[in-house]
1. Of the conditions (1) exposed (fewer than 11 other Cβ atoms within 10 Å of the Cβ); (2) modelled with pLDDT under 85, Val16 clears all except one; give me its number.
2. What number goes with the only condition from (1) in contact with a helix residue (DSSP H, G or I) (Cβ under 8 Å, 6 or more places away or on another chain); (2) open to solvent by 40 Å² or more (accessible area, probe 1.4 Å) that Val64 does not pass?
3. Output the residue which, of all residues in the stretch 162-183 that are open to solvent by 50 Å² or more (accessible area, probe 1.4 Å) and farther than 30 Å from Thr117 by Cβ, is modelled with the lowest pLDDT.
4. Which of the numbered conditions does Phe186 fail, given that it passes all the others? Conditions: (1) at pLDDT 90 or above; (2) of a type outside the set (S, T, N, Q); (3) under 24 Å from the mean Cα position of the chain (by Cα); (4) surrounded by 15 or more Cβ atoms within 10 Å (Cβ to Cβ).
5. For the list (1) surrounded by 16 or more Cβ atoms within 10 Å (Cβ to Cβ); (2) touching a strand residue (DSSP E or B) at 6+ places or on another chain (Cβ under 7 Å); (3) in contact (Cβ under 8 Å) with a residue 40 or more places away in the chain, I need the number of the one condition that Ile129 fails.
6. Quick one: Val292 ticks every box in (1) more than 16 Å from the chain's Cα centre (by Cα); (2) open to solvent by less than 40 Å² (accessible area, probe 1.4 Å); (3) at pLDDT below 80; (4) more than 20 Å from Leu80 (Cα to Cα) bar one, so which box is it?
7. Looking at the stretch 109-126 only, could you name the residues that are open to solvent by 50 Å² or more (accessible area, probe 1.4 Å) and either within 20 Å of Glu195 (Cα to Cα) or assigned to a helix (DSSP H, G or I) (or both)?
8. Which condition from (1) open to solvent by 90 Å² or more (accessible area, probe 1.4 Å); (2) in contact (Cβ under 8 Å) with a residue 24 or more places away in the chain; (3) closer than 24 Å to Thr90 by Cβ; (4) not small (Gly, Ala, Ser) is the one that Tyr144 breaks?
Amino acid sequence: LAELNAAPVRAPRQRVRFLPAPAPGGGGAVELVAARVPVLADHPLVRGPRFKKLKIGAGHRLDVKASGVFVLGVGHGNKLLTDLYNCHLTKVYIVGGLFGKATEDFSDTGNLVEKTTFDHITREKLERILAVIQGTNQKALLMYSNIDMKTQEAYELAVKGLIRPMGKCPPIITAVRCLQFALPEFQLEIHCLHETQQYLRKMVHEIGLELKSSAVCTQVRRIRDGVFTVDDALPRTQWNLQSIQEAIWNCQLKVETELEKTLGHGESSPLHQLGGDTAEHALPAAQYGRDVMDSRRKEVNCSSLPPFP
């Protein structure tokens, strides 16, 4: 708010008033002359700070043990948050795991329940389990999409990449792959819908059970939330008015394109109401995070992630 109020503002409005002035003939006579004077009600010393409060809304939440992209809506951007939520866009996570132990909350910091062996686990066995998970969730995705896959509509939606549940449904894993495997540690990339971070931790736990062992989650980091990613993230030290405004303008076209493609929003989109030099119509994205499990930092971002190979 301090930077917004310190930014240049428009000049005070002018209005016409009739002011007394000496008459041309002299002799002490006066006459009324039309003159333009500033409206004192617009003066900063009269009206006070221009911005006294700023409405900020949060997108898909992150719990205290997770990190990554955290979208924020400012002003009219709160309406865009609702529209983006109704698009049911895919989110992407980097999830770390550790074989050999189990805890009460499925994280590596929880109360230890048991220890198990893990020497028999191979990358091939892990990838077979991941393939089963992805195949099962693909069937669920088609079921909750309520689309007849034999129709022209289903073909057109598939071409556009728009086959997704457009209503409430359980968490769905649309894609999962192993990025790193070095016993006892492993790292997964998970594309999902309607998930929570705790659901992903439980998924790591269940993978361990399927492999006749146990596993805990060491990291949950969201690298993509719909059209927003960490590629253009602004670190905490760059949380200033200029950087945030630039991030807003950079993401504006991507958000409008996604809303128009998914919901059919055109000229009625709130993005067409954006304007001026203020941040009250903004939709920035913030990266809320712990890059390691024992330290925290926050960033702001707007960008896009290449499609899953």
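1. All conditions pass for Val16, except number (2).
2. Here Val64 clears every test but (1).
3. Among those that are open to solvent by 50 Å² or more (accessible area, probe 1.4 Å) and farther than 30 Å from Thr117 by Cβ, it is Met166.
4. Every listed condition holds for Phe186 apart from (3).
5. For Ile129, the failing item is (2).
6. Single failed check for Val292: (2).
7. Arg123, Glu124, Lys125
8. Just one mismatch for Tyr144, condition (1).
The values are calculated or read from the model by the stated rules, or taken from the named source; none is laboratory data. Note that the structure is a prediction, hence the values are computed from the model and not measured. Don't worry about glycine lacking a Cβ; one is built from the backbone with ideal geometry, like all the others, and counts go over all protein chains shown. The accessibility values were calculated without ligands, DNA or RNA, using every heavy atom of the protein model including side chains. Shrake-Rupley method; radii C 1.70, N 1.55, O 1.52, S 1.80 Å.
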